[in-house]
Amino acid sequence: MGSIADPGGEPGELTQPPSFDDFQRQTSLMTSCTLLWKELSDHFSSLEQNLQKKSEALKHKIRSLDTQTKETLQILEKREVTIDGSVTIALSKVQERKEAALVAVEEEKKAVGGGGFGGGGEVDDGEGLLLKLRSYCTRMDAEGFWRFVTARKKELDSMRAQMAVALADCVDPARFVLEAISEVFPVYKRAEKSERLNDLGWACVLILESLIPVVVDPILGNSRLLVTPSMKERAKEIADTWKASLDERGGIENVKTPDVHTFLQHLVTFGIVKKEDIDLYRKLVVGSAWRKQMPKLAVSLGLGDKMPDMIEELISRGQQVDAVHFTFEVGLKDKFPPVPLLKAFLKDAKKAATSILEDPNNSDRAAHLAARKEQSALRAVIKCIEEYKLEAEFPPENLRKRHDQLEKAKNEKKKPAAVPVNKRTRANNGGPMPPAKAGRSTNAYVSSFPAAPSFVRSPSHNQYPAGMPPPYAAAPAMYGSRSPPASPYAYSPEAYPGAPMNYSPYGGYGIAPAYQQAYY
């Protein structure tokens with residue numbers, strides 16, 4: 001091919017055509033531009049999609065906030081409208097309680113003047129229990145009420161059913177409850193420490209639980225508590241005092257569970273939960289998770305969002321049964337299936353029981369402890385299965401059989417071992433020896449024949465001292481013989497039907513005959 005003329009050049013001048021390398025560079029440049037353009041297009045498309053998603057999320061959040069704002073405004077408006085009605089109802093109740101209290105005081109004065117007293121006495125039925133509780137509440141006798149409740153732990157179920165009704169008769173229920181439990185909460189006030197301190201937590205929790213239906217708003221319910229500002233401040237001070245005492249008790253780990261339960265119930269009852277103390281509440285709940293009321297208390301304390309983490313922590317601690325209770329309380333059974341958790345709990349209990357059996361020092365005690373631990377685990381799992389209706393997924397029949405098997409083995413070990421019959425023989429003729437305690441009874445006589453007659457020495461004969469041979473050649477075979485002796489020195493029962501009761505085994509003369517040495 002010839003050269004190509006340059007149209008811009010001088011006539012007759014020829015230009016060099018572009019080489020192949022130039023075409024390659026131009027092709028590579030075009031490819032790079034195309035890829036860069038595509039990358040930029042994808043980037044901008046992604047940005048646009050993200051912006052659109054964020055815009056939609058913001059719009060949804062704005063709509064949600066608008067809805068919540070409207071609902072909140074409606075609730076506030078309703079609360080504002082119902083304030084007058086609630087206050088009127090509360091004031092009327094206070095007036096009724098005040099009049100009832102005055103009447104009760106007058107009746108008590110009359111009873112005391114007449115030689116009677118209505119404050120004591122025994123309670124023999126549910127109606128009597130209610131009347132007694134109402135008498136304390138009507139008179140606002142918090143100290144007497146506390147003593148009455150703590151002395152009747154065996155009637156816990158009856159008091160739980162009646163206490164809220166009784167507390168409704170108080171002029172100021174919140175004040176009454178705080179004064180009643182003040183002896184042991186937030187700190188123990190008595191100078192001497194008592195082992196019953198931790199045992200009184202049940203009474204504090206019972207009283208605080210019973211106060212809730214009394215102080216709820218009659219119109220709005222649990223969303224508003226009818227507690228005066230002064231009592232609410234006092235409840236906050238009590239909670240702060242309890243928290244301040246944690247360091248003195250050695251930290252959260254050393255606080256007793258009844259005390260923890262009382263504190264948490266105190267917060268829920270008076271509505272004084274603080275968001276800044278959520279972590280403290282979480283630690284306290286997890287540390288006392290075995291308590292039956294803890295799952296509900298956790299929700300009331302605002303720990304619903306932290307429940308998954310709390311359940312996982314309980315599982316890691318080997319408290320799978322407690323984790324199941326929390327799971328059902330917040331509806332997370334799909335995320336934490338209960339049956340695998342219960343099976344894992346039984347497996348861990350079996351492993352622990354096996355490790356206890358490996359103790360070489362005390363095998364009997366180790367076997368007892370291992371069986372008791374496994375039985376406890378079986379009972380907890382069976383109860384959980386029945387409570388949450390899990391029989392179809394986890395039949396409890398085999399668990400019951402295993403529990404009964406362990407119980408039977410434990411009862412077999414408790415049976416006393418058979419004691420062999422004492423068959424000592426006479427040293428001289430091989431006959432049976434008298435029982436070891438035969439000498440303690442008057443005229444003891446042992447014979448292989450039933451209803452053998454008793455033979456005694458005549459009180460009129462002289463007793464020969466020990467070591468002096470008797471005038472007869474051999475001692476009569478009175479003891480252990482198979483037939484009545486024929487010796488003239490053995491007296492018949494017709495002549496002496498029985499020795500007096502104050503005779504000793506040797507005829508009443510205090511010195512054993514010489515032939516008695518043959519027994520030994």
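The values are calculated or read from the model by the stated rules, or taken from the named source; none is laboratory data. As the structure is a computational prediction, the values presented were derived from the model and not from experiment. Quick reminder, even Gly has a Cβ in these numbers, built from the backbone with ideal geometry, and neighbours come from all protein chains shown. To get the accessible areas, we keep the full protein, side chains included, count just its heavy atoms, and leave off ligands, DNA and RNA. Shrake-Rupley method; radii C 1.70, N 1.55, O 1.52, S 1.80 Å.
A count restricted to the range 203-240 and to residues that are open to solvent by 10 Å² or more (accessible area, probe 1.4 Å), acidic (Asp, Glu) and farther than 15 Å from Ser300 by Cβ stands at 3.
No other residue among Val177, Val214 is assigned to a helix (DSSP H, G or I), at pLDDT 85 or above and farther than 24 Å from Val255 by Cβ apart from Val214.
Take the residues in the range 341-392 that are within 25 Å of His325 (Cβ to Cβ) and not in a helix (DSSP H, G or I); name whichever of them is least open to solvent (accessible area, probe 1.4 Å). Per the criteria, the residue is Leu390. Taking the range 267-277 as the range and being open to solvent by 30 Å² or more (accessible area, probe 1.4 Å) and either farther than 25 Å from Gly221 by Cβ or touching an Asp or Glu at 6+ places or on another chain (Cβ under 8 Å) (or both) as the test, only Glu276 passes. Checking Leu284, Leu264, Leu280 one by one, the residue that is of a type in the set (A, V, I, L, M) and open to solvent by 30 Å² or more (accessible area, probe 1.4 Å) is Leu280 and no other. Out of the residues in the range 69-87 that are open to solvent by less than 90 Å² (accessible area, probe 1.4 Å) and modelled with pLDDT of 70 or more, state the one that is farthest from Leu226 (Cα to Cα). In this case the residue turns out to be Thr69. Only one of the numbered conditions (1) free of Cβ contacts under 8 Å to residues at least 24 places away in the same chain; (2) under 25 Å from the mean Cα position of the chain (by Cα) is not met by Val268, and that is (1). Scanning the range 317-337 for residues being open to solvent by 50 Å² or more (accessible area, probe 1.4 Å) and closer than 14 Å to Gly287 by Cβ gives a total of 1.
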